[in-house]
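To start, the structure itself, in structure tokens.
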Amino acid sequence: MRNSRDEKAANHDRIVGVAAQQIRERGTDQPGVAEIMRAAGLTHGGFYKHFGSRDELIDEAVALALTENELEAEQLLASADGDPLAAFADWYVSTAHRDDPGTGCGVAALGPDVSRIGGAAQEAYRAQVDRYLAHLQTLIGEDDPDSRRDALLTLSMMVGALVIARGLGRNERSDELLDTVREAIRERRLLAG
């Protein structure tokens, strides 16, 4: 009995993980249940053992897509020498992040989708934005009276740059955009009042 519960939980997690990757790559409307189940190595018929509906899966996948990179970001910042905000910008506003939306930030990948579907997905999105802002305020310096404003600007710059760079594709203009925004954050050029 214990093995079957463990296996069911592992399968559930695998389905949500596959869906999280696929919705970051293609949006919440694109991957169908059959496609997600096939990518998870399971049959379409087993879907309803795990979820009451596709919407339920999408809500869980959005929540995972939004939080999945937190451990990586924490490890990056813990190992950053000197300027953790610069290290965060180097990681976030990069060609590697642009070129791999399936494992990237859900905030950049899912904004338009969650605004349309609302509900639990949008609440998860709001919570992740709040976590990013709190984290950025800490990196900027909470004793700075402008830390909230600067965190809002920094997050907007990073997410906006990533979204636009993905729209431009892999080319020099896209690379230039990422380089310019990353350097502006590193040098705090747009953060000074």
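Looking at residue 72, is it free of Cβ contacts under 8 Å to residues at least 60 places away in the same chain, at negative phi and surrounded by fewer than 19 Cβ atoms within 10 Å (Cβ to Cβ)? For residue 72, the condition - free of Cβ contacts under 8 Å to residues at least 60 places away in the same chain, at negative phi and surrounded by fewer than 19 Cβ atoms within 10 Å (Cβ to Cβ) - is met.
Scanning the stretch 148-191 for residues that are hydroxyl-bearing (Ser, Thr, Tyr) and either surrounded by fewer than 19 Cβ atoms within 10 Å (Cβ to Cβ) or under 13 Å from residue 89 (Cβ atoms) (or both) yields 154, 156, 180. Taking residue 128 as the residue in question, decide whether it is over 26 Å from residue 182 (Cβ atoms), among the polar types (S, T, N, Q) and crowded, with 16+ Cβ neighbours inside 10 Å. Here the answer is no, as residue 128 does not meet what is asked. Candidates 10, 34, 78: the one that is of a type in the set (A, V, I, L, M, F, W, C) and either within 30 Å of residue 188 (Cα to Cα) or buried (at least 16 other Cβ atoms within 10 Å of the Cβ) (or both) is 78. Residues satisfying the criterion are absent from the stretch 175-191 (criterion: of a type in the set (S, T, N, Q), over 19 Å from residue 87 (Cα atoms) and assigned to a helix (DSSP H, G or I)). Please go through the stretch 58-69 and pick out each residue that is surrounded by fewer than 24 Cβ atoms within 10 Å (Cβ to Cβ) and farther than 10 Å from residue 124 by Cβ. If the condition is that a residue be surrounded by fewer than 24 Cβ atoms within 10 Å (Cβ to Cβ) and farther than 10 Å from residue 124 by Cβ, then 68, 69 are the ones that fit. Annotation: residue 133 fulfils all but one of (1) surrounded by fewer than 17 Cβ atoms within 10 Å (Cβ to Cβ); (2) in contact (Cβ under 8 Å) with a residue 24 or more places away in the chain; (3) hydrophobic (A, V, I, L, M, F, W, C); the unmet one is (2). Checking each residue in the stretch 124-145 for being outside any loop (DSSP other than H, G, I, E, B), more than 15 Å from residue 92 (Cβ to Cβ) and not charged (D, E, K, R) picks out 124, 125, 127, 134, 137, 138. Checked across the stretch 56-65, the condition of being over 30 Å from residue 8 (Cβ atoms), out of contact with any helix residue (DSSP H, G or I) (no Cβ under 8 Å at 6 or more places or on another chain) and either outside the structural domain of residue 157 (by TED's automatic domain parsing) or free of Cβ contacts under 8 Å to residues at least 40 places away in the same chain (or both) holds for no residue.
So which of 124, 151 ends up being of a type outside the set (D, E, K, R) and touching a residue at least 60 places away in the same chain (Cβ under 8 Å)? Being of a type outside the set (D, E, K, R) and touching a residue at least 60 places away in the same chain (Cβ under 8 Å) holds for just one of 124, 151, which is 124.
The values are calculated or read from the model by the stated rules, or taken from the named source; none is laboratory data. Bear in mind that the values here come from a model prediction, so they are computed numbers and not experimental data. Using ideal geometry, Cβ is built from the backbone for each residue, glycine included, and neighbour counts are taken over all protein chains shown.
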